[in-house]
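Okay, so here's the structure we're looking at.
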Amino acid sequence: MNCRNSVSVHLFAGGAGGTVAAVVTCPLEVVKTRLQASSQVFQPVRVASTLMSANVATLHSSYHAPVITSRPSGILACLRHMIHTEGIRSLYKGLGPNLIGVAPARAVYFAVYAKTKKALSKGYLGPDSKFTHIFSGAAAGFVTHTFTAPIWFVKTRLQLDAKNEKMNMWRCISNVYKQYGLRGFYRGLSASYFGISETVIHFVIYEHVKKKLRIYHHHAGLEGNKLVSQNIFTDFMIAAGFSKTIASILAYPHEVVRTRLRQEEVNGQRKYKSFFQTLFLIFREEGRKGLYAGLGTQLVRQVPNSSIMFMTYETMISLLCTDDDENGL
């Protein structure tokens, strides 16, 4: 049996790729999630007035420093703000469920993709058909989102928590279950299903770019050159980074909708109830800017995340299948 067709190989390689990428880019994901939210998710900062001297401040004991409640702008400003108000550990909020979920999620993701692609390639579509990549990507996204939705719900809740009391994964799970039951953990799943379009776009462009780079190496007569084996992983990173950038921009609003559906209610009132209701409400109240809140951070995070994930995935496949052909998935 061809090693590259083994489900276990794709499970292991996909899990490894997702885990490495999640750890490296976790701080950026926390910032992105907070920028997507509508409620106050950054701790307010109390700043002493620079116009009042220390002596005057001492005389006026009733003086209270003004509180800055507006959210910081820019990735670096958000990172500094969180470190200043919540400590450096705040940059890794949600990493626990992320690590628990990312390995099985990415493992299932790549395994379903590879298995579906293999099945479709035997039919009329062929291995290099765009429809093969589309259906394979859609199947991978649907199965993965369905099984891992509760994990990502908990991760989002932890990332949005900016309160002083320590909120851990188990306390979050307990609170949500007491309030909403099992159904509460599946909030935002409808948005995840709409986000399958991003998965499809990503895989189609990724396979296309990877194929073009392979053809380039062939026509350049470099197939036997050692430089090819050294640069092949750079090709994977380029293909993954470029494809993820395009896919993220085109399908980004579903991420904002998903975050809004998962955030805690304000004053006990649930403002966001369903995918389209939330989508239209955000557009009506905040305009196009609201639907693309945090996109800059998402791109800064997703490009290295996707590149690291796919590079690790393809590296593991190559290491585990050294005796097989080098034609990829």
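Under a Cβ-Cβ cut-off of 11 Å, what is the net charge of the residues other than LEU295 that fall near it, where Lys and Arg count +1 and Asp and Glu count -1? Let's see the in-between values first.
Details: positive: LYS32, ARG288, LYS289, ARG301; negative: GLU255.
Result for the local shell: +3.
Once each part is reduced to its C-alpha centroid, what is the distance from the stretch 99-121 to the stretch 273-302 in angstrom? One Cα centre to the other: 28 Å. Charged neighbours of GLY137, selected by a Cβ distance under 12 Å, balance to 0 (K, R count +1; D, E count -1).
At 1.4 Å probe size, with every protein chain present, just tell me what the per residue accessible area of the stretch 232-294 comes to in Å².
Working: 3220 Å² over 63 residues.
That works out to 51 Å² for each residue.
With both labels modelled 7 Å from their Cα along Cα-to-Cβ, the VAL266 to PHE283 distance reads 2.1 nm.
So if R0 is 22 Å, what FRET efficiency would LYS211 and LEU250 give, r being the distance between their Cβ atoms, rounded to the nearest 0.05? Show your work: numbers first, answer last.
Details: r = 21 Å, r/R0 = 0.94.
It comes to 0.60.
Across the stretch 82-89, computed HN-Hα scalar couplings (Karplus, 6.51 cos²θ - 1.76 cosθ + 1.60, θ = phi - 60°) run 5, 5, 5, 8, 10, x, 5, 5 Hz from first to last residue, x flagging Gly and Pro. Between ASN168 and THR85, the FRET efficiency from the beta-carbon distance, with R0 = 22 Å, is close to 0.70.
On a full-extension model of 0.36 nm per residue, what is the gain between VAL24 and TYR124, subtracting their alpha-carbon distance, rounded to one decimal in nm?
Answer, rounded to one decimal: 31.9 nm.
The values are calculated or read from the model by the stated rules, or taken from the named source; none is laboratory data. Bear in mind that the values here come from a model prediction, so they are computed numbers and not experimental data. Note: ideal-geometry Cβ built from the backbone for every residue, glycine included; neighbour counts use all protein chains shown. Please note that ligands, DNA and RNA were not included when accessible areas were found on the heavy atoms of the full protein model with its side chains. Shrake-Rupley method; radii C 1.70, N 1.55, O 1.52, S 1.80 Å.
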